[in-house]
Amino acid sequence: MVPHLTTALTGPLLELERKFLDNAAAIEQWLRTQWLDHTPPFYGSVDLRNSGFKLAPVDMNLFPGGFNNLHPSFMPLCVHAAQAAVERLCPDASQLLLIPENHTRNQFYLMNVARLATILGHTGLKVRIGSLLPEITEPTPLALPDGQTLLLEPLVRKGDRLGLADFDPCAILLNNDLSAGVPEVLKGLDDQWVIPPLHAGWTTRRKSLHFRAYDNIAERFASMLGIDPWLVNPYFGRASKINFHERVGEEALAEEVDQLLGRIRAKYAEYGVEEAPFVIVKADAGTYGMGVMTVRDASEVVGLNRRQRNKMSVIKEGLQVSEVIIQEGVHTRETVGGGVAEPVVYMLDHYVVGGFYRVNNERGVDENLNAPGMHFEPLAFETGCNMPDCSDAPDAPANRFYAYGVVARLALLAAALELEQTAPVTSELSALAEAAAA
């Protein structure tokens, strides 16, 4: 099932896709040189929005939880990419401990864990799954809807190493975004690869820092390609010291919203876009579509009613929201089966390994789709994101999906830059820097 674009395929996006096709060799060469200087995250997924005049990432997840939604035909590519990731980060590893989220009741998420374990097992690793849940005190089998059984085992900390009772892994792969903080059991590990690194979790990570890094990447990419970076980059702002319950920070937030809407209106006028601009206000940390609202006028964030304040105040794990990112809203003009849709692209190492569509029949083209009523189209992309057909039209499926893959990899490159910029400075490195400064 190829998604249908509800807009006529003319204008900037079609031109952008043609630009990508005409310069595919230069794009691939540019990306290849970037990876010489930056280490890609082990894995990631990117939510894209295709407005018919703009194609841009709106979220970058470093702990992707939807491998079960990838088409089975992508399995060989997943295994190949995972092999490259393992060879890059921990080539001597033979045993890997996978630590998932605490969603034991979410059967679809558990199927993701099972699929991920299968992919990693095919790379030659012995994979077992350790749970952070305190109630998991013995090996616990969980039956999955597809007939598989997932075995969760209690974690065992021995000195400065983490494993299971009879399993001492070389590497630990987190599929847990650490929204609730870094558990003590994960701190101070020695001589074990922890991937992604702990500072990739929402305890310290901020969406605004990612999009600041993406600004850098988009500017350089656009300069190389000779395009306006706005076509692949959503504007954003940030507001802090927010307390929605107490109505603290509303005026400052409204001012940020007003400034951002003004910038978007100017761009819409430049490109002759007739749609009404909007922004998405969402928690600067966290995921699962919580703490998100669509705003079309700055006055809408002042004097929120109790229901709106409650919605915006708390995110996953019951954490209070005090920082928000105000992001340019990108209309989505894609539909699947009559529902508004957005593509989600999955990557392992720096390879695109597949994707699928998030579809929500209850939401509009200017709303967050990661909300009640959403479902995934597991048929996924019918063609890969890395095989353009330059002889075909820019909007042919292979070429549209290639464009998705390009923009998704820009977001992945930004994530690599973000992790470098936010990496904690060890005491040893700090001492060396102080010595050098002296």
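The values are calculated or read from the model by the stated rules, or taken from the named source; none is laboratory data. If you're wondering where the values come from, they're calculated on a predicted model, not measured in any experiment. With ideal geometry, Cβ positions are generated from the backbone for all residues, glycine too; neighbour counts draw on all protein chains shown. Heads up: the accessible areas ignore ligands, DNA and RNA and are worked out on the full protein's heavy atoms, side chains in. Shrake-Rupley method; radii C 1.70, N 1.55, O 1.52, S 1.80 Å.
For region 216-325, which trypsin sites (Lys or Arg not before Pro) pass both filters: DSSP loop (anything but H, G, I, E, B) and at most 14 other C-beta atoms within 10 Å?
On the way: sites: Arg220, Arg238, Lys241, Arg247, Arg263, Arg265, Lys267, Lys282, Arg296, Arg306, Arg307, Arg309, Lys311, Lys316; in loops: Lys241, Arg247, Arg296.
Those satisfying the criteria are Lys241, Arg247, Arg296.
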State, to one decimal in nm, how far the label point of Glu15 lies from the label point of Gln95, with both points 7 Å from Cα in the Cβ direction.
5.9
Can you sort Glu87, Glu250 by 1.4 Å-probe accessible area, starting with the largest?
Glu87, Glu250
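For region 40-141, which whole-number percentage of the solvent-accessible area (1.4 Å probe, protein heavy atoms only) is attributable to carbon and sulfur atoms?
On the way: 1940 of 3690 Å².
Summing carbon and sulfur atoms, their accessible area is 53 percent of the total for region 40-141.
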Which order do Trp202, Trp193 take when ranked by solvent-accessible area (1.4 Å probe, heavy atoms of all protein chains), largest first?
Trp193, Trp202
Can you run phi through the Karplus equation (6.51, -1.76, 1.60; θ = phi - 60°) for region 145-162 and list ³J(HN,Hα) in whole Hz, with x for Gly and Pro?
x, 8, x, 6, 10, 9, 9, 9, 10, x, 6, 10, 9, 10, x, 9, 10, 10
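For region 42-138, count the residues as N, evaluate 2.2 N^0.38 Å, and divide the Cα radius of gyration by that value, please. The partial results should precede the final answer.
On the way: Rg = 15.5 Å, N = 97, 2.2 N^0.38 = 12.5 Å.
In units of the 2.2 N^0.38 Å rule of thumb, it is 1.24.
Using a/c under 1.5 as the rounded threshold, could you call region 199-279 rounded, prolate or oblate? The axes a ≥ b ≥ c are square roots of the C-alpha gyration tensor eigenvalues, and prolate needs a/b larger than b/c, oblate otherwise.
It comes out oblate by the Cα gyration axes.
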Between the modelled labels at Glu323 and Glu87 (7 Å from Cα along Cα→Cβ) the distance in nm is 3.8
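Please calculate how many Å² of accessible area region 155-204 carries per residue, with a 1.4 Å probe and no DNA, RNA or ligand atoms counted. The partial results should precede the final answer.
On the way: 2080 Å² over 50 residues.
Per residue, region 155-204 has 42 Å² of solvent-accessible surface.
Ignoring any ligand, DNA or RNA, what whole percent of the accessible area of region 292-360 comes from carbon and sulfur when the probe is 1.4 angstrom? List each step's numbers first, then the result.
Working: 980 of 2230 Å².
Answer for region 292-360: carbon and sulfur cover 44 percent of the accessible area.
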Out of residues 5 or more away from Gly329 or on other chains, whose amide H comes under 5 Å of its own, with H placed 1.01 Å from N in the peptide plane?
Phe278, Val279, Ile280
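On full extension of the chain, what length is gained from Val194 through Ala24, given 0.36 nm per residue of separation minus the C-alpha to C-alpha distance? Don't skip to the answer; put the middle values down first.
Details: separation 170, 0.36 × 170 = 61.20 nm, distance 3.47 nm.
That works out to 57.7 nm of additional length.
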³J(HN,Hα) across region 166-180 via Karplus (A = 6.51, B = -1.76, C = 1.60, θ = phi - 60°), whole Hz, x for Gly/Pro?
10, 8, 10, x, 7, 9, 10, 9, 8, 10, 10, 7, 6, 4, 7
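List the trypsin sites (Lys or Arg not before Pro) in region 9-114 that DSSP assigns to loop (not H, G, I, E or B) and whose Cβ has at most 16 other Cβ atoms within 10 Å. Which are they? List each step's numbers first, then the result.
On the way: sites: Arg18, Lys19, Arg32, Arg49, Lys54, Arg88, Arg105; in loops: Lys54, Arg105.
The qualifying sites are Arg105.
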Tabulate in residue order the Karplus-calculated ³J(HN,Hα) for region 205-215, using 6.51 cos²θ - 1.76 cosθ + 1.60 with θ = phi - 60°, rounded to whole Hz; enter x for Gly and Pro.
6, 9, 4, 4, 5, 5, 6, 5, 5, 5, 3
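Given the pairs Lys187/Lys311; Lys54/Lys207; Lys126/Lys282, which are separated by over 29 angstrom at their Cα positions?
Details: Lys187/Lys311 32 Å; Lys54/Lys207 20 Å; Lys126/Lys282 39 Å.
From the list (Lys187/Lys311; Lys54/Lys207; Lys126/Lys282), the Cα-Cα distance tops 29 Å for Lys187/Lys311; Lys126/Lys282.
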Grab the beta carbon distance between Thr422 and Glu251, set R0 = 30 Å, and tell me the FRET efficiency rounded to 0.05.
0.50
